Amino acid sequence: MALTSSGTFPGVLWMGVRGPLRPLAEATGATGDWRPHLTVARARRRGDRLPHVDFDGREWTVTEVALVRSCPSTGYEVLDRVPLTTPNG
């Protein structure tokens, strides 16, 4: 997978993700129009603005995918983890 870009939407700084993501989405039952991203930061208070950061991308080997719920009042909760393996084990 690769981080490809960066951006913001209200209160969130995110990085775009590129790679073989369709099988992961299908395995979760995701339907419709989805935009894979990695949330990097979330504003502490509603309405706070986060700066845009220019980012040109980076590749890395993914060993695990975690499904994380964002809980604005308490932080984050890991709902599930799926270990990933390479063809060599």
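Some points to look at:
- Of the strands (runs of 3 or more DSSP E) entirely within the chain, none holds at least 2 residues that are at pLDDT below 75, at positive phi and small (Gly, Ala, Ser).
- First in segment 17-32 and under 13 Å from residue 84 (Cα atoms), second anywhere and surrounded by 11 or more Cβ atoms within 10 Å (Cβ to Cβ), Cβ under 7 Å, 6 or more apart: 21/36; 24/65
- Qualifying positions in segment 26-46 - over 15 Å from residue 71 (Cβ atoms), surrounded by 12 or more Cβ atoms within 10 Å (Cβ to Cβ) and more than 14 Å from the chain's Cα centre (by Cα): 28, 30
The values are calculated or read from the model by the stated rules, or taken from the named source; none is laboratory data. The structure presented is a predicted model; accordingly, all values stated were derived computationally and were not measured. So basically every Cβ, Gly included, is an ideal-geometry build from the backbone, and we count neighbours across all protein chains shown.
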